[in-house]
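Just so it is clear, none of the values below were taken in a lab; they were calculated from the coordinates. Worth saying up front: this structure is predicted, and the values here are computed from it rather than measured. Note that each Cβ is placed from the backbone with ideal geometry, even for glycine, and that neighbours are counted across all protein chains shown.
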Amino acid sequence: MINSEPTITSSNTKSLDVKHLEEAFAIFYAESQKLEAQQSALQEKINQLSEELQKSNQRLGILVNAIPAGVILLENNIVLLHNPAMLHFLPSLSAGQSFVIPSDWQPSIAPGEYVINTLDADSSKPQKTVQVVRIDDGIRSYIQIQDITANISLHQETQRENRLSAMGKMAAGIAHQFRTPLATALLYSSHLCDDDLAPEMSKEFAQRLRKQLLDLEKLSQDMLRFISNRPSKTILVSARQIIDEAIASIQALFESKHVQLKIEWNAPTSTLLLVEPKSIPNAIVAILENALSVSKPGDRVLIQAKVESKKLGISIEDQGPGIASTIIDSLFEPFFTTSANGTGLGLSIAKNTIEAHRGSIAVESSAKGAVFKITLPVTSE
């Protein structure tokens with residue numbers, strides 16, 4: 001039987017293999033050309049980006065070296081780089097050393113702020129206050145140190161001028177505040193000059209005179225505190241201790257009026273404040289006195305405390321009638337009062353005290369009563 005299919009010879013097979021190989025090489029060459037073109041374009045882009053990055057780094061370096069704030073780059077808390085301005089704050093700083101806050105930098109009122117004392121104790125040069133901001137990004141950290149002495153001085157001077165302006169506007173109110181107790185004191189003193197006055201009446205008039213003079217003395221002290229209210233000497237104090245002192249000084253008045261004073265403490269017991277020890281409790285007492293004045297027997301005044309974002313929040317809530325919308329904006333103004341016996345300086349002094357410690361105070365009113373909200377910066381040891 002004869003096979004009719006064509007026979008594939010070895011020469012034909014070799015011819016096909018060569019053809020396929022040529023086609024493969026052609027494809028490989030074409031793809032190689034494309035790859036080389038892409039690599040060339042990529043290298044050109046890399047060179048362009050590297051050049052732009054270098055120029056950007058140069059511009060950034062010029063900018064960082066020009067700013068008055070000190071800047072440090074750390075890696076694992078070791079100094080890698082710093083700008084020249086940093087040597088104004090840390091003259092001995094150099095690359096390769098660990099970064100630590102100098103031991104002679106005293107913590108200020110707000111977190112991240114430090115007071116640098118002058119080397120000469122007799123120098124009239126004011127203390128320098130600096131702000132340290134640290135940003136951590138993995139093993140790297142960026143630190144900025146800025147002199148904020150002028151900003152603080154300007155803020156304090158602005159507050160003082162505002163208080164003096166308020167005192168000027170309320171000069172008539174001051175005269176009225178002094179006139180009544182002074183006239184009463186003069187009346188009682190004239191009675192004491194009467195030779196025919198009975199001994200028991202003499203003693204009663206002397207006690208009344210003393211009360212009027214004490215009221216005058218308190219009013220004058222309040223006005224002085226209102227004008228020059230600023231922390232003179234701050235120390236680290238437990239936040240809970242501050243509130244406990246305020247409660248202890250007014251607890252008896254609450255008990256005598258049968259009003260409950262309750263505290264809900266939701267902050268860490270280690271919470272510390274850098275404050276003037278007496279001024280902050282006095283400010284809290286002023287707000288508690290206001291809450292007590294609008295409370296009835298059987299009511300409750302609630303103090304709540306918590307820490308959020310490095311700030312201590314204190315809220316004081318009463319169950320009084322609330323504050324009318326027509327007067328809520330005037331509540332902290334000097335000499336504004338709805339009480340016949342009040343001077344109108346208590347809440348103003350409290351506001352000045354809290355703001356002088358870099359805090360804030362606000363009030364909200366509802367049908368359930370009024371809520372005073374205080375914030376104060378928390379300081380860590």
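Quick check on my link table: of Lys128/Lys373; Lys128/Lys310; Lys211/Lys296; Lys306/Lys351; Lys203/Lys278; Lys211/Lys233, which ones sit more than 29 Å apart, alpha carbon to alpha carbon?
Over 29 Å Cα-Cα: Lys128/Lys373; Lys203/Lys278; Lys211/Lys233.
Report the net charge of residues surrounding Leu53, where surrounding means a beta-carbon distance below 13 angstrom and charges are Lys +1, Arg +1, Asp -1, Glu -1.
After counting each charged neighbour, the total is +1.
Would you list, by chain and number, the lysines whose Cα falls below 30 Å from the Cα of Lys45, excluding same-chain residues fewer than 8 positions away?
Lys34, Lys55
Extending each Cα 7 Å along its Cβ direction at Arg210 and Ala95, get the distance between those two points in nm, one decimal.
7.6 nm
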